[in-house]
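The values are calculated or read from the model by the stated rules, or taken from the named source; none is laboratory data. Computed from a predicted model, the values in this text were never measured in an experiment. All Cβ positions, even for glycine, are placed from backbone atoms using ideal geometry, and neighbour counts span all protein chains on display. Areas reflect the complete protein model, heavy atoms only, side chains present, ligands, DNA and RNA absent. Shrake-Rupley method; radii C 1.70, N 1.55, O 1.52, S 1.80 Å.
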There are 2 protein chains.
Amino acid sequence: MPAPTSAPADPHRHDAKPRRRVGRPAAAVLDQDGITAAALQLIGKSGYDGFTMAALARTLNVAPSALYNHVSSKRDVLVLVQDHLTSFVDVSNFEAEPWDQAVRSWAWSYRDVFSKHTPLIPVIAVLPVTDAPKTLAMYEAVSAGFSRAGFPQGLIVSAIVALESFIFGSAYDVTAPADIFDSGSMADSTPNFTAAVKQQDLEGYDKPADVAFNLGLEAMIARFGTLRG
Amino acid sequence: MPAPTSAPADPHRHDAKPRRRVGRPAAAVLDQDGITAAALQLIGKSGYDGFTMAALARTLNVAPSALYNHVSSKRDVLVLVQDHLTSFVDVSNFEAEPWDQAVRSWAWSYRDVFSKHTPLIPVIAVLPVTDAPKTLAMYEAVSAGFSRAGFPQGLIVSAIVALESFIFGSAYDVTAPADIFDSGSMADSTPNFTAAVKQQDLEGYDKPADVAFNLGLEAMIARFGTLRG
DNA sequence: ATCGTAAATGAACGGCATTCATTTAGTGGT
DNA sequence: ACCACTAAATGAATGCCGTTCATTTACGAT
């Protein structure tokens with residue numbers, strides 16, 4: 001039976017709250033840039049776990065299905081975010097500084113940007129550059145720098161890819177827990193490794209991920225430098 | 001109305017098929033090794049997209065919920081698979097061959113194994129070694145090799161991490177589409193990059209991913225070799 | 001004026017990992 | 001020999017999630 005105070009059911013009655021607007025709005029409230037910005041903000045606040053199409057729609061005050069008028073999938077949104085983030089990577093030094101300095105600042109900033117966005121790495125790694133204009137612009141700036149520095153034309157892409165692979169792998173490394181190499185109760189059966197880990201802990205001023213990144217990056221810079229004509 | 005030939009509903013009647021067995025089986029049909037093997041086989045057949053707990057259970061002739069008596073999550077299964085795969089990585093050369101040769105064969109086999117399993121990389125990269133005994137065994141073999149080769153104790157872990165980061169990043173690279181760098185209609189605005197890609201295509205006998213991996217790996221081997229005491 | 005279309009809604013769908021009450025059959029203790 | 005305990009299965013249910021679709025509406029062009 002109905003609650004005593006409730007009015008009888010009437011499908012046509014007016015609610016206290018006005019009906020939510022439906023249909024074409026006065027001006028479009030959504031576009032790809034707005035979606036990208038909202039996505040980036042949501043990811044910053046809730047991480048990639050909390051980043052769902054429903055949550056994204058909520059921050060935009062819109063129904064989830066409305067998003068699909070502007071993007072074709074969640075992956076699409078991730079691509080937009082990825083491309084936007086790439087514009088934060090520092091390529092400025094390829095214009096003024098010497099080649100090795102430029103590579104260094106490029107690589108460090110690239111790693112730093114994506115170490116906070118490792119879930120994008122599987123997306124980037126297989127994404128055609130056509131779908132990511134800002135990323136393409138980065139490649140242009142970097143390869144122009146390599147070219148100007150006298151790098152053999154046929155090796156430029158390979159060298160960039162090698163550096164990029166190292167950068168992506170190292171971005172994961174940044175997010176690893178500090179005690180990831182603690183062998184715990186199995187220390188007895190792994191004496192060499194356990195000793196190496198202990199020694200590293202003793203010597204390390206900097207964060208282990210930074211030491212490893214520096215080591216690999218300098219190796220590549222040194223060796224690739226000898227390839228310049 | 002019921003179909004003419006159907007018997008009246010009777011909750012106690014015996015079906016033609018015997019009731020599915022419920023409750024404790026004569027002998028346990030599941031264990032972690034069996035789950036790991038089945039998971040690996042399923043991934044091989046259906047890829048990581050087709051790899052669901054329901055599908056895994058189906059291949060084992062078991063209800064999905066039964067899996068949770070032996071693993072605590074899907075991630076758990078992925079960890080088991082990851083650890084198993086690591087035993088396919090070749091560390092044998094650290095015992096007989098010179099250091100640089102050993103690193104080479106280790107790195108190539110490591111990359112080859114996980115290039116077919118890139119969805120595991122985010123799992124490995126942050127996984128405490130305690131949870132992956134075979135992975136820990138690999139680290140022991142590798143760090144023993146570095147130690148025997150006269151590598152300074154405090155740098156061994158950093159060097160391995162740098163190599164590993166490069167390996168993981170390069171594993172993604174293997175899976176990238178061949179025309180990933182085709183700049184298409186934007187070629188005009190990226191002359192340097194477009195030229196570099198074209199030149200690479202002309203010169204390349206080997207697969208681009210292999211050229212890049214070789215380039216980076218040899219850079220690291222050469223540089224790290226100079227650190228040995 | 002009218003017509004087409006862009007852009008919103010909300011209901012529905014299928015799939016996913018995971019949880020839970022329940023059932024059963026071995027195991028170990030008395 | 002009996003009983004209590006527990007390991008290991010079932011299947012129903014839960015709560016998300018990404019995505020689709022019919023429907024509604026208002027702007028802009030003809």
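Before moving on, here are some points about what is shown:
- Test for residue A:137: is it open to solvent by 10 Å² or more (accessible area, probe 1.4 Å), closer than 21 Å to residue B:203 by Cα and at pLDDT 95 or above: no
- Flag if residue A:197 is without any contact (Cβ under 8 Å) to a residue 24 or more places away in the chain, more than 16 Å from residue A:101 (Cα to Cα) and under 26 Å from the mean Cα position of the chain (by Cα): no
- Residue within the range A:38-51 that is open to solvent by 60 Å² or more (accessible area, probe 1.4 Å), part of a loop (DSSP other than H, G, I, E, B), more than 10 Å from DNA strand C (Cβ to nearest atom) and closer than 28 Å to residue A:113 by Cβ present: yes
- Hey, residue B:203 within 7 Å of chain A (Cβ to nearest Cβ) and modelled with pLDDT under 95 or not: yes
Per-residue answers, yes or no, for (1) buried (at least 16 other Cβ atoms within 10 Å of the Cβ); (2) within 20 Å of residue B:29 (Cβ to Cβ); (3) not aliphatic (A, V, I, L, M):
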{"residue": "B:54", "(1), (2), (3)": "no, yes, no"}
{"residue": "B:58", "(1), (2), (3)": "no, yes, yes"}
{"residue": "B:64", "(1), (2), (3)": "no, yes, yes"}
{"residue": "B:67", "(1), (2), (3)": "yes, yes, no"}
{"residue": "B:75", "(1), (2), (3)": "no, no, yes"}
{"residue": "B:120", "(1), (2), (3)": "yes, no, no"}
{"residue": "B:144", "(1), (2), (3)": "yes, no, no"}
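- At least 1 residues being out of contact with any Asp or Glu (no Cβ under 7 Å at 6 or more places or on another chain) and within 14 Å of chain A (Cβ to nearest Cβ) is the threshold, and among the helices (runs of 4 or more DSSP H) wholly inside the range B:58-136 those reaching it are B:74-86, B:93-96, B:99-115, B:121-125.
- Meets criteria (without any contact (Cβ under 8 Å) to a residue 12 or more places away in the chain and among the charged types (D, E, K, R)) for residue B:134: no
- Residue identified as surrounded by 17 or more Cβ atoms within 10 Å (Cβ to Cβ) and either under 20 Å from the mean Cα position of the chain (by Cα) or under 18 Å from residue A:186 (Cβ atoms) (or both) among B:149, B:132, B:102: B:132
- Listed by first and then second residue, the pairs linking a residue in the range A:47-69 that is at pLDDT 95 or above and more than 7 Å from DNA strand D (Cβ to nearest atom) to a residue that is open to solvent by 50 Å² or more (accessible area, probe 1.4 Å) and part of a loop (DSSP other than H, G, I, E, B), with Cβ atoms under 7 Å apart and 6 or more places separating them unless they lie on different chains, are A:57/A:63; A:62/A:29.
- The range B:200-214, residues that are without any contact (Cβ under 8 Å) to a residue 24 or more places away in the chain and open to solvent by less than 30 Å² (accessible area, probe 1.4 Å): B:200
- Residues of the range A:16-37 satisfying the condition of being closer than 29 Å to residue A:88 by Cα and either within 8 Å of DNA strand D (Cβ to nearest atom) or open to solvent by less than 50 Å² (accessible area, probe 1.4 Å) (or both): A:30, A:34, A:35, A:36
- Count of the range B:168-194 residues which are part of a helix (DSSP H, G or I) and more than 7 Å from chain A (Cβ to nearest Cβ): 8
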